[in-house]
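Report on one structure; see the data block that follows.
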Amino acid sequence: SVLGNFSQNSYSFVPDSLVTTFGTLENPKTFRVHFNGKEKDLFQTLFGAATLKYSPTNNLTISLLASAFNTSETVNYDIEGQYWLGEASSGDASLGIGAYHDFARNTLNATVVSLAHRGEYQKKKNKLEWGASLQQELINDRIDEFQIRDSAGYSLPFNVNALSLFYNLHAKSNLNTYRTQAFIQDAFKIAKFSFVGGLRANYWSFNDELLLSPRLAIAYMPSWKKDFIFRFSTGVYYQSPFYKEIKDTIVDNQRNVLIQLNKDIQAQRSLHFVLGSDYRFKWVNRPFKFTTEVYYKPSDRVITYKVDNVKIIYAGNNDAKAYTAGLDLKLFGEFVPGTDSWINLSLMNAKENAVGDEYGYVSRPNEQRVVFSTFFQDFFPGFPKYRVHLKFIWADGLPYWAPNAVHTTENTLRARSYRRVDIGFSRALAKGDFNWLDKTGVFSVAKTIQLGLEIFNLLDIQNVESYYWVSDIENKQHPVPNTLTGRRFNFRLSVDF
């Protein structure tokens, strides 16, 4: 079997101006900014894989897999902005006036080549699986970016003896490493119990680290009239770092930011405890499945990160311990005969504690405490080949805090809740549906054609994506919200051959 994929995404941004009001009812503020310049980005990925599978007997299957992946990323921007911050209620009363200049010429090229073997042996109620792989990673990274900030006529940071940039980063990094992996896993049944146990090993030449990860999963199927399955799984899981996690930044005496690759970094480690159940039942003679899962995952050797707009910036070292706990509830089934719909509720608590930090546990950047979502499908009455689906999401806002500030519970803020409604319409076309389409001969090549129209963010809700921090004349920082794209239309065409 052969699989290939090519993707190219180019982006061109030309910012113009922004006027927004934020704050509270008692203390509303207005932020205005006018821009010059633009940003042009290009992201291109190539992926190819081939698998050779051979079954010498009915019980044994062995495979040889070869794959290659390449990504090329280019980010270029040169943008100037002049901003004004004031009290919304007092009109001209200015809290801060300034300007900034953002510049970047960044390129990243990464190639990953892998050769792997997998095997499977099955006999009666026992299934044994194993595998091994060798992977080479080639990475070339070039970063050249800076930011200039001006506040009320003074360049920040203010220095009477020198003119300094607010931020600058220049780096060149080349990486050529090897990663080997192997695993063995056995699945078997005893009475009403099913067991899956295994061991996974991983070695990376960059930090000379060997990882061993044992895992176990147990399922119990009681002899009840109602169809229940209870599941429990545990194991030690490692998240071996990739290139962006090992980039450790240092600042010299002239405030220049440099990058060094941290050879002492370790894989993030987590101990998982997951308890769940599946309940299959019929309601109004239609199949349904209710799934419950509760989990607790303590972690150490954590590599913390922060989110700047859509960019994730890692600390570059193992600087914290953490834990994640939560509950997932999902009802899946045919609310309308012949269509799949679901309702989902998730609760999560994710905290981290920096090494040597006396402030204790604080919210992780991904801590979305409550998420409720639904997906509902139906047919148009009298037209079963026409479908409509409706999707609703409500999610608790993500935590955020001021840049360069010590992260504590007291200075952690929450973004507005995320709300979104999507609606979509689709029609499946097959031979015999329309005579004029059959005459084109398209179905001599294609099996089916699927047409779809989707409206994302139907209600045009302005969800917050990130915050831009502005300093006033008293050097207090104010978060100005950046909102996501509003309503969008999407047309889909898919063909099955």
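The values are calculated or read from the model by the stated rules, or taken from the named source; none is laboratory data. Computed from a predicted structure; not experimentally measured. Note that we place each Cβ from the backbone using ideal geometry, even for glycine, and neighbour counts take in every protein chain shown. For accessibility, only protein heavy atoms count, side chains too; no ligands or nucleic acids. Shrake-Rupley method; radii C 1.70, N 1.55, O 1.52, S 1.80 Å.
Would it be correct to say that residue 4 is more than 30 Å from residue 467 (Cβ to Cβ), open to solvent by less than 80 Å² (accessible area, probe 1.4 Å), modelled with pLDDT of 90 or more and not hydroxyl-bearing (Ser, Thr, Tyr)? Taking the combined requirement at face value, the residue satisfies it.
Among the residues of the range 308-346, those that are over 30 Å from residue 284 (Cα atoms), buried (at least 16 other Cβ atoms within 10 Å of the Cβ), touching a residue at least 40 places away in the same chain (Cβ under 8 Å) and in contact with a Ser or Thr (Cβ under 7 Å, 6 or more places away or on another chain) comprise 315, 316, 322.
Considering each residue of the range 424-436, count those that are under 28 Å from the mean Cα position of the chain (by Cα) and surrounded by 16 or more Cβ atoms within 10 Å (Cβ to Cβ), and give that number. Talk me through it step by step, then tell me what you get.
If we filter the range 424-436 for residues that are under 28 Å from the mean Cα position of the chain (by Cα), which is where we start, we get 424-426.
Subsequent filtering for residues that are surrounded by 16 or more Cβ atoms within 10 Å (Cβ to Cβ) retains 424, 426.
The qualifying residues number 2.
Checked against the criteria, residue 428 counts as over 30 Å from residue 478 (Cα atoms), in contact (Cβ under 8 Å) with a residue 12 or more places away in the chain and small (Gly, Ala, Ser). In summary, strands (runs of 3 or more DSSP E) completely within the range 383-497 and bearing 2 or more residues that are closer than 25 Å to residue 83 by Cβ and in contact with an Asp or Glu (Cβ under 9 Å, 6 or more places away or on another chain) occur at 477-483.
Among the residues examined, residue 366 does not qualify as open to solvent by 40 Å² or more (accessible area, probe 1.4 Å), part of a strand (DSSP E or B) and of a type in the set (S, T, N, Q). Here the range 369-381 is the region considered, the condition is being of a type outside the set (Phe, Trp, Tyr) and either assigned to a strand (DSSP E or B) or at pLDDT 95 or above (or both), and the residue that is farthest from residue 345 (Cα to Cα) is 378. For first residues located in the range 241-266 and of a type in the set (Phe, Trp, Tyr), partners that are surrounded by fewer than 17 Cβ atoms within 10 Å (Cβ to Cβ) and lie 6+ apart or on another chain with Cβ distances below 9 Å form the pairs 243/173; 243/175.
Taking residue 355 as the residue in question, decide whether it is closer than 30 Å to residue 313 by Cβ, open to solvent by 70 Å² or more (accessible area, probe 1.4 Å) and either under 26 Å from the mean Cα position of the chain (by Cα) or among the hydrophobic types (A, V, I, L, M, F, W, C) (or both).
Against the criterion (closer than 30 Å to residue 313 by Cβ, open to solvent by 70 Å² or more (accessible area, probe 1.4 Å) and either under 26 Å from the mean Cα position of the chain (by Cα) or among the hydrophobic types (A, V, I, L, M, F, W, C) (or both)), residue 355 qualifies.
Candidates in the range 269-313 are the residues that are in a loop (DSSP other than H, G, I, E, B) and among the polar types (S, T, N, Q); of these, the one that is farthest from residue 328 (Cα to Cα) is 309. For residue 265, the stated conditions hold: it is of a type in the set (A, V, I, L, M), within 25 Å of residue 352 (Cβ to Cβ) and out of contact with any strand residue (DSSP E or B) (no Cβ under 7 Å at 6 or more places or on another chain). For the range 385-397, the candidate set comprises residues that are open to solvent by 70 Å² or more (accessible area, probe 1.4 Å) and touching a residue at least 40 places away in the same chain (Cβ under 8 Å); within that set, the residue that is nearest to residue 477 (Cα to Cα) is 387.
Applying a threshold of 9 Å to beta carbon distances and a minimum spacing of six or more residues, or different chains, the list of pairs starting in the range 437-462 at a residue that is closer than 16 Å to residue 389 by Cβ and ending at one that is surrounded by 11 or more Cβ atoms within 10 Å (Cβ to Cβ) and of a type in the set (Asp, Glu) reads 454/422; 455/422; 456/422; 457/422; 458/422. For beta carbons closer than 6 Å, sequence separation of 6+ or different chains, a first residue in the range 162-181 that is closer than 24 Å to residue 108 by Cα and aliphatic (A, V, I, L, M) and a second that is open to solvent by less than 60 Å² (accessible area, probe 1.4 Å) and part of a strand (DSSP E or B), the qualifying pairs are 169/143; 169/145; 169/257; 171/143; 171/259; 175/139. The condition (being open to solvent by 60 Å² or more (accessible area, probe 1.4 Å), at pLDDT below 85 and over 30 Å from residue 24 (Cα atoms)) is satisfied by just one residue among 439, 476, 447: 439.
Looking across 30, 45, 61, one residue alone is surrounded by 13 or more Cβ atoms within 10 Å (Cβ to Cβ) and within 30 Å of residue 110 (Cα to Cα). It is 45.
Can you spot a residue in the range 169-184 that is under 30 Å from residue 257 (Cα atoms), exposed (fewer than 13 other Cβ atoms within 10 Å of the Cβ), of a type in the set (Ser, Thr, Tyr) and at pLDDT 90 or above? Yes, the range 169-184 contains at least one residue that is under 30 Å from residue 257 (Cα atoms), exposed (fewer than 13 other Cβ atoms within 10 Å of the Cβ), of a type in the set (Ser, Thr, Tyr) and at pLDDT 90 or above. Filtering the range 279-300 down to residues that are farther than 20 Å from residue 348 by Cα and of a type in the set (D, E, K, R), which residue is most open to solvent (accessible area, probe 1.4 Å)? Step by step, filter the range 279-300, then rank; the result is 282. If you go through the range 237-256 and keep only what is part of a strand (DSSP E or B) and over 22 Å from the mean Cα position of the chain (by Cα), you end up with 249, 250, 251. Summed over the range 257-268, the residues that are in a strand (DSSP E or B) and buried (at least 16 other Cβ atoms within 10 Å of the Cβ) give a count of 4. For the condition within 33 Å of the chain's Cα centre (by Cα) and modelled with pLDDT of 95 or more, residue 136 qualifies.
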